[in-house]
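Just below is one structure, and these are the notes that go with it.
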Amino acid sequence: MTVMRNDVVKALAKVTVQSNEQGLIPEYEVLVNLLPVSLLNTLTERLLAAAPDRKPEIEAGLVRAAYECGYHTGCGIITSEIFSEVVMPMVTEDEKDILRGAYAAFTAWGWAKSGIVQLKEGKKMIVRAFDYYEADSKGEGLRAYMLQGLNQAFFDLTYADPYPDGMDTFVCKQTKGLETGDAYGEFIVTCK
Amino acid sequence: MPGLYGPTITSDPDDRGLQGNLSLTTITDLLQFLAASAESGAIKIVRHPQNDEGMIYFGKGQVLSANTSERTGLESFADMLNWSKGSFNFLPGITPLETSIGLSVQHAILEAIVLQENLTNSFTPNSAPVIEKGSMSMEQEPRESTDVMNDLLEISGIDAVVVVGRDGFVIESAGSSARVNIDELGASLAHSINGIEEMGSELNVNQFQDMFIEYGRAVIMCKPVGDAIAAIVTPDASKLGIIRHKTKKLFQELGLSF
């Protein structure tokens, strides 16, 4: 038995989320929100348009923001009650299965329809995604900043030093993108 | 038969025999063609450059017997299926002295491949897949999985190819099947393989290598490729032997991507 993606997605999809009076949803030990994807993409486009000569810095900043968010939220996810109830009973291959469960949760919550293609434990991971935030964004070149940061965060959480000391152990590089006409987005996480 | 196989096979008007070159067709294709034509006789094969000779006798859609200078029966038949260079000559009406195989062409090919794989596994346990010339050289960069899957799709009888992660994530698919929903296949396959691997572990019979599931309206063949599972969907089992033979190297190549 290993983590069965469909079972996780079905179980998590049944969970009712209720936002508080400020529109924030207390889940996974953090506050998450529900906003349209276009908001993030518009912000990205405006940042890049505001300083075109500083594109590499802005891109690195966007990936960093996603990474830090993913690292802390990710820890909340994999230690949450619902993750323990839904995913942990299926975990037989330790870290590998926790990662599989995390990507199933990504998909269930609509963050990215993604999954692991190849995993060399503690060394390398290849992820493919068939939908993600920036897939329909306007711009040039590979620009899945959010998923780059999240992939790196989850690999750090799984294989680097225990939270919160394992930050910046691994790095994620995007090699293919829906936004550039590829059939899927591809991301490779390796040691820094 | 002039024209059917282009320059590969020619017809000799004197003895009505077919002859040709193995560089442009395969023994499995030839056997299938002759069986479909309800022919009986023997195929004499000469492998180049070794000049090894072999005979395959068949009749009424069955492989009756086979022999090479070193082997007889199914072992020699399995050996000859791997001969990729050489010439052949079909000799109609010739019957063997004894029947050492006696299986339908499809069944004989399937049994020969199983035998070959068992022999390979017993000699090279846990070894990396051997990629031979023609599919990929080890010095070259591995091909994109999409290219390999498209090659699989070109094999006659294959409707769809899908690669699924152990968690049921459909990593990649090519082609389509009117009979099987590919997304649902991913989840179902992962469940089935998990069960089968648990059984293998309980029985202590090593890791799973192949699975064939024959349903009324479709046949699904699965193989592990790297850490994932590849499955092909065919409408029925009639070409399974040929498909298994032709997919072998491509599955090995696909394993390099996952």
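The values are calculated or read from the model by the stated rules, or taken from the named source; none is laboratory data. Everything quoted here is computed from the prediction, not taken from an experiment. Cβ: placed from backbone, ideal geometry, glycine included. Neighbour counts: every protein chain shown. The area values use the complete protein model at the heavy-atom level, side chains included, leaving out ligands, DNA and RNA. Shrake-Rupley method; radii C 1.70, N 1.55, O 1.52, S 1.80 Å.
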Accessible area expressed per residue, the range B:9-111, with surrounding protein chains retained (probe 1.4 Å, Å²): 49
Mind giving me the nanometre distance, one decimal, between the label points for B:Leu203 and A:Thr92, set 7 Å out from Cα along Cα→Cβ? 1.6
Quick one: dipole size for the range B:134-257, taken about the Cα centre, charges +1 on Lys/Arg Cβ and -1 on Asp/Glu Cβ, in debye to the nearest 20. 460
Per the 1/(1 + (r/R0)^6) rule, R0 = 45 Å and r from the Cβ atoms of B:Asp52 and A:Asp131, FRET efficiency to 0.05 is 0.25
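Within chain B, which is the longest segment that contains none of the trypsin sites (Lys or Arg not before Pro) sitting in a DSSP loop with at most 12 other Cβ atoms within 10 Å?
Between the exposed loop sites, the longest stretch runs B:134-216.
Considering only protein heavy atoms and a probe of 1.4 Å, how much of the accessible area of the protein assembly as shown is carbon and sulfur, as a whole percent? Can you show the working numbers first?
Values: 11470 of 22460 Å².
Accessible surface attributable to carbon and sulfur in the protein assembly as shown totals 51 percent.
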Accessible area buried at the A-B interface, both sides summed, 1.4 Å probe (Å², nearest 100): 1600
To the nearest whole number, what is the average tally of beta carbon atoms from other chains within 10 Å of the beta carbons of peptide A:176-185? 1
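For the pairs A:Lys120/B:Lys246; A:Lys176/B:Lys223; B:Lys44/B:Lys85, flag any whose C-alpha to C-alpha distance is greater than 19 Å. The partial results should precede the final answer.
Numbers: A:Lys120/B:Lys246 30 Å; A:Lys176/B:Lys223 27 Å; B:Lys44/B:Lys85 14 Å.
A:Lys120/B:Lys246; A:Lys176/B:Lys223, as the Cα separations exceed 19 Å there.
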Give the relative contact order (percent, whole number) for the range A:83-148; include only Cα pairs under 8 Å separated by 6+ residues. 19
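Which FRET efficiency, nearest 0.05, do B:Asn181 and A:Val15 yield, Cβ-Cβ r, R0 25 Å?
The pair B:Asn181/A:Val15 has a calculated efficiency of 0.45.
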Given axes a ≥ b ≥ c from the Cα gyration tensor, I'd like to know whether the protein assembly as shown is rounded (a/c under 1.5), prolate (a/b larger than b/c) or oblate. prolate
What is the range B:9-111 by shape, rounded, prolate or oblate, if you read a ≥ b ≥ c off the alpha carbon gyration tensor as root eigenvalues and call it rounded for a/c under 1.5, prolate for a/b larger than b/c, and oblate otherwise? rounded
Roughly what would the spin-label model give for A:Lys173 and A:Leu39, points 7 Å off Cα along C-beta, in nm? 3.4
Whole number in Å², please: accessible area per residue of the range A:5-191, 1.4 Å probe, ligands, DNA and RNA not counted. 49
Net charge dipole size for the protein assembly as shown [Lys, Arg +1 and Asp, Glu -1 on Cβ; Debye, nearest 20]: 680
Relative contact order (%) - criterion: Cα under 8 Å, at least six apart; region: chain A: 22
Residues whose placed amide H lies under 5 Å from that of A:Gln118, excluding near-sequence neighbours: A:Ile126
Any idea how far apart B:Leu119 and B:Ser69 come out in nm if each label point goes 7 Å out from Cα toward Cβ? 1.7
Select from the range B:189-215 all residues whose loss of accessible area on going from the chain by itself to the full protein assembly reaches 20 Å² or more (probe 1.4 Å). B:His191, B:Asn194, B:Glu198
For chain B, the Cα gyration tensor yields equivalent-ellipsoid semi-axes (√(5λ), largest first, whole Å) of 34, 19, 19
If you count, for every residue in B:159-172, the Cβ atoms of partner chains within 10 Å of its Cβ, what is the mean? 6
Relative contact order, percent, chain B [alpha-carbon distance under 8 Å, six or more residues apart]: 16
